[in-house]
Structures are given as structure tokens and as C-alpha cells.
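Here's the structure we're looking at; comments come further down.
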Amino acid sequence: MRTIDSLGDLRGRRVLVRSDLNVPLDGSRITDDGRVRASVPTIRRLADAGARVVVCAHLGRPKGAPEEKYSLRPVVQRLGELLGHPVAFAEETVGPVAEQAVGALGDGEVLVLENLRFNAGETAKDDSRRRAFAEQLAGLADAYVSDGFGVVHRAQASVYDIAHLLPSAAGGLVVDEVEVMRRLRQDPERPYAVVLGGAKVSDKLGVIESLIGVADRLLVGGGMVFTFLKAQGHEVGTSLLEPDQVDTVRGYLALAEERGVEIVLPTDIVAASAFSADADFDVVPADAIPADRMGLDIGPASAEAFAHALADARTIFWNGPMGAFEMEPFADGTEAVAKSMAERTKDGALTVVGGGDSAAAVRQLGFADDQFGHISTGGGASLEYLEGKKLPGLTVLEDA
């Protein structure tokens with residue numbers, strides 16, 4: 001991939017940076033600033049080089065028109081605090097207000113444009129509409145830096161089309177993310193353990209199939225585990241279940257056995273009467289979930305078994321919580337996995353938290369970022385990379 005060095009002297013040049021500032025908000029309060037912090041090194045490097053830095057990003061899922069609750073204004077304030085100097089804000093993405101704000105920038109100054117997804121062209125399926133929006137963005141800059149790993153699996157205007165219009169390069173965050181994912185896929189130090197959780201097994205079919213050929217152990221928890229338990233012939237009560245995936249999962253279990261990959265499933269489950277922090281719950285065997293109960297976490301014996309399965313791993317990739325961690329009664333399994341990974345980090349293992357809910361979980365549970373080898377900023381992007389898919393936002397940055 002082309003890197004920032006390929007862009008040459010940046011002093012006085014307008015550089016459009018596609019960052020990932022899609023952070024969770026409680027009103028106007030950022031509840032997890034991990035992605036903002038991750039964006040700072042590249043922005044700072046460009047500013048220190050004398051570039052006039054124009055940051056573009058999205059927040060949430062607006063429908064192609066402005067919505068105040070998705071404004072990037074709160075993120076701009078936090079970015080300025082982290083950079084240690086004020087950051088300007090343009091209240092539109094493209095148009096006269098944005099053009100005037102960019103024109104007012106001095107060398108080394110930083111501006112954030114309003115939410116990209118306030119413009120329908122950003123995510124349009126129609127190539128010509130995306131291209132037209134990308135051309136408007138390109139008119140604001142002399143060069144482009146892709147630094148939002150969380151969106152490189154999307155062929156969107158600010159990720160893909162823009163890179164055809166300006167001298168372009170990958171930012172430091174994208175370079176680092178790709179290197180970590182490459183190690184996970186191509187040459188992991190062994191034993192290599194993968195922990196998968198989250199709600200739906202259908203979201204991870206591709207990565208499961210891919211990793212069965214690479215990993216030594218696959219630990220499964222979260223809502224997706226109940227499709228695995230069903231595939232083994234167990235009843236799962238009112239737990240989350242994808243009946244149309246049972247046969248597929250059964251095939252994966254057979255494939256893992258054939259290839260000598262150890263599949264670690266829970267032996268006990270925290271089962272509750274409802275999806276609520278106040279619901280009645282108890283610990284039941286994984287093969288005997290009551291008909292009127294839903295599994296909301298792996299049980300204590302399973303947490304111990306998962307910790308044991310990770311105890312000698314030299315490489316660990318984790319994507320998806322073990323339970324409904326946002327509710328205290330059902331957070332223990334996720335916390336146990338995070339604690340085990342933190343211990344392995346101390347011993348020099350490569351431990352990778354695969355973004356999304358996993359990253360949110362470790363921070364909510366009080367773990368520091370440096371307790372893990374790497375916390376990815378892109379859940380979907382990391383999974384697709386590990387599947388072996390071509391990611392549009394990366395291929396467009398490759399040297400011809």
C-alpha cells in the first residue's frame with residue numbers, strides 16, 4: 001500500500017483525511033473515545049508536517065440528510081482536547097461553507113467537516129452519484145489519506161472513489177491495522193486461539209470457515225453459541241437462535257474435527273427469564289436450558305474452561321462478547337475472556353480485540369487499551385480481512 005511518505009512534502013497542501021470518528025454518544029457526551037484517540041497520530045503527523053488538514057468522517061446512520069443527533073460537533077471538541085490545540089468545524093461537508101472553512105486554514109491547522117452521511121452520495125449504490133460526491137470532496141484538497149480502518153470494507157465515496165481522484169495513501173492507523181490482521185491470517189505464532197461471540201452466527205460464517213483452516217482452537221460464546229448447541233442436538237429454550245444456520249454450523253463442527261481444530265463450547269449457561277438486568281436467572285447445564293429461559297452469558301465453569309484454553313496461546317483474536325455484557329449480571333463471561341487475554345499480553349502473546357462490541361466491552365469493564373496487544377477500530381473490516389476478502393478501501397491504495 002502507498003503510505004504518507006509517498007505524498008512527498010505536505011507543507012501548505014490541503015490534505016483530506018478519512019478518519020473513523022464513529023463513536024457512541026449519550027446525548028452529546030462521548031461514552032467511548034477510542035476511535036478518536038486512534039485517529040490522533042495520523043492527524044498530528046500531517047499537521048506537524050505543515051499540511052492543512054481537512055478531516056472527514058461519519059457518525060451513526062443518518063439517511064442522507066442532516067440530523068442534529070448525528071452531528072460531529074461533540075467529536076470535534078474531543079479531538080481538539082487530544083491534539084492540544086483548537087480544531088475548526090465546518091457545519092456542512094461540501095459546499096460554500098466548507099469551501100470557506102478550508103480556505104481559511106493555515107499550515108498545520110486542522111478542520112473537521114460535518115458528517116459525511118448527511119450527503120446521500122456518500123453511501124449511494126449508484127456509481128455516478130458516489131463519484132459526483134467524491135469529486136466535490138476532492139475539490140477541497142490536494143491529497144487524500146485513508147485512515148479509517150473501520151470503513152475500508154465499504155466502497156463509499158470518501159473511502160474508495162476519492163482515492164481515484166487525488167494523490168492518495170494509507171494513514172498510520174490503516175497501515176498498523178493491516179499489519180496486525182496480516183499476522184493473524186498468514187503467520188500466527190502458535191498455539192493460535194480465536195474467540196467468537198456476539199449475537200448472530202450468520203454475521204461470522206465466512207470468518208469461521210476461513211479460521212477453521214488457520215486457528216488451533218475456536219472458542220464460541222455469545223448469542224451465536226445457541227445455534228452451535230442446537231446443531232449438537234440440544235434444546236436452547238428462548239435463547240437467540242438462527243434455525244436456518246443449524247445445518248451450516250453442523251458442517252463446521254464436522255470440518256473442525258476433520259482438520260484437528262479444537263472447538264470449545266460452553267458447558268454451562270447463565271439463563272434468565274427475560275432480556276433484562278432485573279430478570280431472574282440461574283446457571284444451568286448448556287445441554288439442559290429450560291424451555292422458558294434464555295441464555296445471556298456463558299456460565300462460571302465455561303469461563304474457567306475458556307481461560308484454560310487461552311492460557312498457553314501465543315496468538316489470540318477475539319471478536320464478539322460472551323454475553324449481554326452491558327447488563328452487570330451477564331458480564332462475567334466477557335470479563336473472564338478479557339482478563340485471560342490481558343494475562344497473555346503480559347507474557348508476550350499477540351492479543352487482538354477485534355473492534356465493535358468487543359472493544360466497547362473491554363473499556364466498559366475497566367480494562368485499559370495497553371492491556372492488549374491491539375484493539376482494532378474496525379469490527380466488520382477486521383472480519384472481512386480475515387475471511388480473505390478484497391477490501392475496496394485497501395485495494396484502491398495498492399501500487400499498480
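Annotation: of all residues in segment 1-37 being out of contact with any helix residue (DSSP H, G or I) (no Cβ under 7 Å at 6 or more places or on another chain) and among the small types (Gly, Ala, Ser), the one that is surrounded by the fewest Cβ atoms within 10 Å (Cβ to Cβ) is Gly27.
Select, from Ser276, Ser302, the only residue that is surrounded by fewer than 21 Cβ atoms within 10 Å (Cβ to Cβ) and at negative phi. Can you show your working first?
Numbers: Ser302 fails: surrounded by fewer than 21 Cβ atoms within 10 Å (Cβ to Cβ).
The unique qualifying residue is Ser276.
Checking the stated criteria, Ala65 turns out not to satisfy the condition of being touching a residue at least 24 places away in the same chain (Cβ under 8 Å), buried (at least 19 other Cβ atoms within 10 Å of the Cβ) and more than 22 Å from Gly393 (Cβ to Cβ). Condition check for Ala381 on (1) touching a residue at least 60 places away in the same chain (Cβ under 8 Å); (2) in contact with a Pro (Cβ under 8 Å, 6 or more places away or on another chain): one failure, at (2).
Is there a residue in segment 293-305 that is in a helix (DSSP H, G or I), of a type in the set (D, E, K, R) and at pLDDT 95 or above?
Within segment 293-305, one or more residues are in a helix (DSSP H, G or I), of a type in the set (D, E, K, R) and at pLDDT 95 or above.
Taking the listed residues Gly251, Gly233, the one that is without any contact (Cβ under 8 Å) to a residue 60 or more places away in the chain and at positive phi is Gly233, with no other qualifying. Assessment of segment 27-45 against the conditions (farther than 20 Å from Glu177 by Cβ and out of contact with any Pro (no Cβ under 9 Å at 6 or more places or on another chain)) yields no matching residue. Is it the case that Gly366 is over 18 Å from the mean Cα position of the chain (by Cα) and under 30 Å from Asp20 (Cα atoms)? For Gly366, the condition - over 18 Å from the mean Cα position of the chain (by Cα) and under 30 Å from Asp20 (Cα atoms) - is met.
Within segment 248-273, the set of residues being under 13 Å from Gly323 (Cβ atoms) and either surrounded by fewer than 17 Cβ atoms within 10 Å (Cβ to Cβ) or of a type in the set (Gly, Ala, Ser) (or both) comprises Ala271, Ala272. With respect to the conditions (1) under 17 Å from Ser39 (Cβ atoms); (2) free of Cβ contacts under 8 Å to residues at least 24 places away in the same chain, Ser146 lacks only one, and its number is (2). Restricting Val87, Val94, Val110, Val40 to those that are touching a Gly at 6+ places or on another chain (Cβ under 7 Å), at pLDDT 95 or above, surrounded by 15 or more Cβ atoms within 10 Å (Cβ to Cβ) and aliphatic (A, V, I, L, M) reduces the list to Val87.
Listed here are the residues, each with its yes/no results for (1) farther than 21 Å from Ala193 by Cβ; (2) among the acidic types (Asp, Glu); (3) part of a helix (DSSP H, G or I).
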site	(1), (2), (3)
His308	no, no, yes
Ala313	no, no, no
Gly323	no, no, no
Ala338	no, no, yes
Arg344	no, no, yes
Asp357	no, yes, yes
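Among the residues making up segment 328-365, a single one is surrounded by 19 or more Cβ atoms within 10 Å (Cβ to Cβ), modelled with pLDDT under 95 and of a type in the set (S, T, N, Q): Ser358.
The values are calculated or read from the model by the stated rules, or taken from the named source; none is laboratory data. This one's a predicted model, so the numbers in the text were calculated from it and none came from an experiment. FYI the Cβ positions are ideal-geometry reconstructions off the backbone, even for glycines, and counts take in every protein chain you see.
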